[in-house]
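What follows is a single structure, written as structure tokens, with notes after it.
The values are calculated or read from the model by the stated rules, or taken from the named source; none is laboratory data. Predicted model only: the values in this text are computed from it and were never measured. Please note: Cβ atoms are built from the backbone with ideal geometry, for glycine as well, and neighbour counts cover all protein chains shown.
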Amino acid sequence: MPQPPSRRSLLLAATALPALGAEGKFSRAYFYSQPATKLVISDFAFGSDRRGWALGVTLAEGKRYTGAMLSTTDGGAAWTLTELKFLPRTLFALDDSMLWSVDDKNDIWFSAEGGRDWRRISKQNNALRVHFLNAETGFLVGHKKTFMRTDDGGKTWRHVPEGAQAKGNPELMTYRWINFWNGKVGVVIGSTESALRRVPRLPEYLEPEMAAYRNQPHLITSLESRDAGATWSIDEVSAFGYLHRTVIGKDGTGLSLIKFDKSFQFGGELYAFYPLMSKKSERILRLKELEFQDVLYVPGDGVYLACTERLGLLPVPTKVRVLHSSNMKEWKDIPVDYRALAQSIVLSATPSGKVFAALDQSTILALR
């Protein structure tokens with residue numbers, strides 16, 4: 001679990017990065033180029049080495065949104081765009097056929113055919129994300145301490161009582177991520193967040209009256225299970241920033257990405273944690289010049305950290321940077337297509353470790 005940074009550590013200079021030198025390059029695998037329309041990718045997952053999906057929306061003139069899905073059946077060499085009848089927020093792939101998605105209205109959608117046919121199976125207020133252990137047993141997390149379980153594939157849900165036991169204000173506590181290791185060890189992580197984070201906001205420089213609410217310490221809560229979700233224990237710490245992403249690799253190494261508002265002096269922090277191990281969690285990276293966007297851990301390869309360059313407080317796409325470390329100590333820049341710009345990035349990898357980055361600016365990059 002992330003530990004609160006000390007006052008002295010917040011004043012330290014950013015970690016220096018080595019020059020370019022990582023093998024491979026992130027090149028365009030797909031680019032959406034329809035006139036007067038933009039494809040905004042919100043989530044990304046692979047179910048096998050050949051099949052993967054990127055879900056999002058197309059935005060046309062007049063702010064008309066349409067659900068969209070990109071799919072590949074050849075390991076990311078070619079992508080097919082399909083229109084969806086809902087606006088997806090998040091995606092979970094159990095395998096190369098069974099998919100679940102939560103949309104902007106908190107509806108849960110299911111496809112048993114690799115995205116060919118989606119159907120709405122249930123609705124849960126405040127839902128953000130689901131995670132399934134098998135075709136029947138799954139969990140749901142979201143706003144207002146929402147933590148639920150299903151044993152019928154997502155048709156019906158019941159509250160997990162430990163979720164409501166966190167100390168944070170229910171109106172502000174959001175569980176954003178749930179991950180399982182080996183189907184037994186589960187981790188749910190969330191943090192208190194301003195209600196402003198749930199709705200579109202003006203740029204920070206246009207909201208000076210909100211300065212007092214930004215970059216304050218937040219309560220970060222983790223729930224851990226060692227029995228496939230039957231029971232959960234709670235751990236809580238106070239820290240700056242808010243929880244954005246948590247991943248657990250197949251070897252049991254966990255990573256948590258903490259983000260800050262643009263006015264903060266750092267663009268993000270990355271922590272490592274180790275479920276079922278005596279090793280303590282540790283901060284492994286913090287930088288000033290980059291906004292942290294997503295993290296991916298590939299056992300045997302290392303950590304990939306997707307970032308965008310910081311450019312004041314303006315909410316505009318900036319240059320994409322991807323850092324890599326094989327030991328979580330030394331970091332290298334991986335070359336990225338010079339045209340790659342983004343405000344948000346989602347990383348994903350095939351089971352065999354081929355890495356991709358989906359940008360909110362109509363682009364999928366592949367590490368070749």
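Residues in the range 51-63: is at least one at negative phi, more than 22 Å from the chain's Cα centre (by Cα) and among the charged types (D, E, K, R)? Yes; the residues of the range 51-63 include at least one that is at negative phi, more than 22 Å from the chain's Cα centre (by Cα) and among the charged types (D, E, K, R). Taking the listed residues Ile234, Ile248, Ile220, the one that is over 21 Å from Asp43 (Cα atoms), modelled with pLDDT under 90 and aliphatic (A, V, I, L, M) is Ile220, with no other qualifying.
Looking across the range 277-289, the residues that are part of a loop (DSSP other than H, G, I, E, B), out of contact with any Lys or Arg (no Cβ under 9 Å at 6 or more places or on another chain) and either touching a residue at least 24 places away in the same chain (Cβ under 8 Å) or of a type in the set (A, V, I, L, M, F, W, C) (or both) come down to Met277, Ser281.
One line per residue, one yes/no per condition, for (1) more than 27 Å from Thr73 (Cα to Cα); (2) within 19 Å of the chain's Cα centre (by Cα); (3) β-branched (Val, Ile, Thr):
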{"site": "Leu99", "(1), (2), (3)": "no, yes, no"}
{"site": "Gly114", "(1), (2), (3)": "no, no, no"}
{"site": "Phe147", "(1), (2), (3)": "yes, yes, no"}
{"site": "Thr156", "(1), (2), (3)": "yes, no, yes"}
{"site": "Gly163", "(1), (2), (3)": "yes, no, no"}
{"site": "Val187", "(1), (2), (3)": "yes, yes, yes"}
{"site": "Gly190", "(1), (2), (3)": "yes, yes, no"}
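With respect to the stated conditions, Gly300 fails to be touching an Asp or Glu at 6+ places or on another chain (Cβ under 7 Å) and small (Gly, Ala, Ser). Would you confirm whether or not the range 323-330 contains a residue that is modelled with pLDDT of 95 or more and touching a Cys at 6+ places or on another chain (Cβ under 7 Å)? Within the range 323-330 (the criterion being modelled with pLDDT of 95 or more and touching a Cys at 6+ places or on another chain (Cβ under 7 Å)), the answer is yes, since at least one residue qualifies. Restricting attention to the range 236-276, the residues that are in contact (Cβ under 8 Å) with a residue 60 or more places away in the chain, under 19 Å from Ser344 (Cα atoms) and within 16 Å of the chain's Cα centre (by Cα) total 8. Scan the range 72-127 residue by residue and report those that are of a type in the set (A, V, I, L, M, F, W, C) and touching a His at 6+ places or on another chain (Cβ under 7 Å). Passing the criteria: only Phe92. Anything in the range 1-60 that is at pLDDT 50 or above, outside any strand (DSSP E or B) and over 29 Å from Asp103 (Cα atoms)? List them, or say none. Result: Glu23, Gly24, Lys25.
Conditions tested, residue by residue: (1) touching an Asp or Glu at 6+ places or on another chain (Cβ under 6 Å); (2) surrounded by 15 or more Cβ atoms within 10 Å (Cβ to Cβ); (3) not in a loop (DSSP other than H, G, I, E, B); (4) not acidic (Asp, Glu).
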site	(1), (2), (3), (4)
Ile258	yes, yes, yes, yes
Gln265	no, no, no, yes
Pro275	no, yes, no, yes
His324	no, yes, yes, yes
Met328	no, yes, no, yes
Tyr338	no, no, no, yes
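Give the residues of the range 118-158 that are among the aliphatic types (A, V, I, L, M) and within 23 Å of Trp53 (Cβ to Cβ), sorted by residue number. Once the filter is applied, which keeps residues that are among the aliphatic types (A, V, I, L, M) and within 23 Å of Trp53 (Cβ to Cβ), the range 118-158 yields Ile121, Ala127, Leu128, Val130, Leu133, Ala135, Leu140, Val141. Can you name every residue in the range 225-256 that is surrounded by fewer than 20 Cβ atoms within 10 Å (Cβ to Cβ) and farther than 19 Å from Thr192 by Cβ? Arg226, Asp227, Ala228, Ala230, Thr231, Ser233, Val247, Gly249, Lys250, Asp251, Gly252, Thr253 - these are the residues of the range 225-256 that are surrounded by fewer than 20 Cβ atoms within 10 Å (Cβ to Cβ) and farther than 19 Å from Thr192 by Cβ.
Pick out, from the range 103-207, the strands (runs of 3 or more DSSP E) lying fully within it that include 3 or more residues that are modelled with pLDDT under 95 and of a type outside the set (D, E, K, R).
Working: elements: 107-111, 119-123, 127-132, 138-142, 146-150, 173-181, 185-192.
Passing ranges, in order: 173-181, 185-192.
Could you check the range 290-322 and list, in sequence order, the residues that are of a type in the set (A, V, I, L, M), part of a strand (DSSP E or B) and touching a residue at least 12 places away in the same chain (Cβ under 8 Å)? Once the filter is applied, which keeps residues that are of a type in the set (A, V, I, L, M), part of a strand (DSSP E or B) and touching a residue at least 12 places away in the same chain (Cβ under 8 Å), the range 290-322 yields Leu290, Val295, Leu296, Val298, Val303, Leu305, Ala306, Leu313, Val320, Val322. Looking at the structure I just gave you, is Asp107 crowded, with 16+ Cβ neighbours inside 10 Å, of a type in the set (Asp, Glu), out of contact with any Pro (no Cβ under 7 Å at 6 or more places or on another chain) and under 20 Å from Phe356 (Cα atoms)? Considered against the rule, which asks whether it is crowded, with 16+ Cβ neighbours inside 10 Å, of a type in the set (Asp, Glu), out of contact with any Pro (no Cβ under 7 Å at 6 or more places or on another chain) and under 20 Å from Phe356 (Cα atoms), Asp107 comes out as no.
Just checking, which of Lys155, Lys167, Lys85 is among the basic types (Lys, Arg), within 25 Å of Ile234 (Cβ to Cβ) and in contact (Cβ under 8 Å) with a residue 24 or more places away in the chain? On inspection, the qualifying residue turns out to be Lys167.
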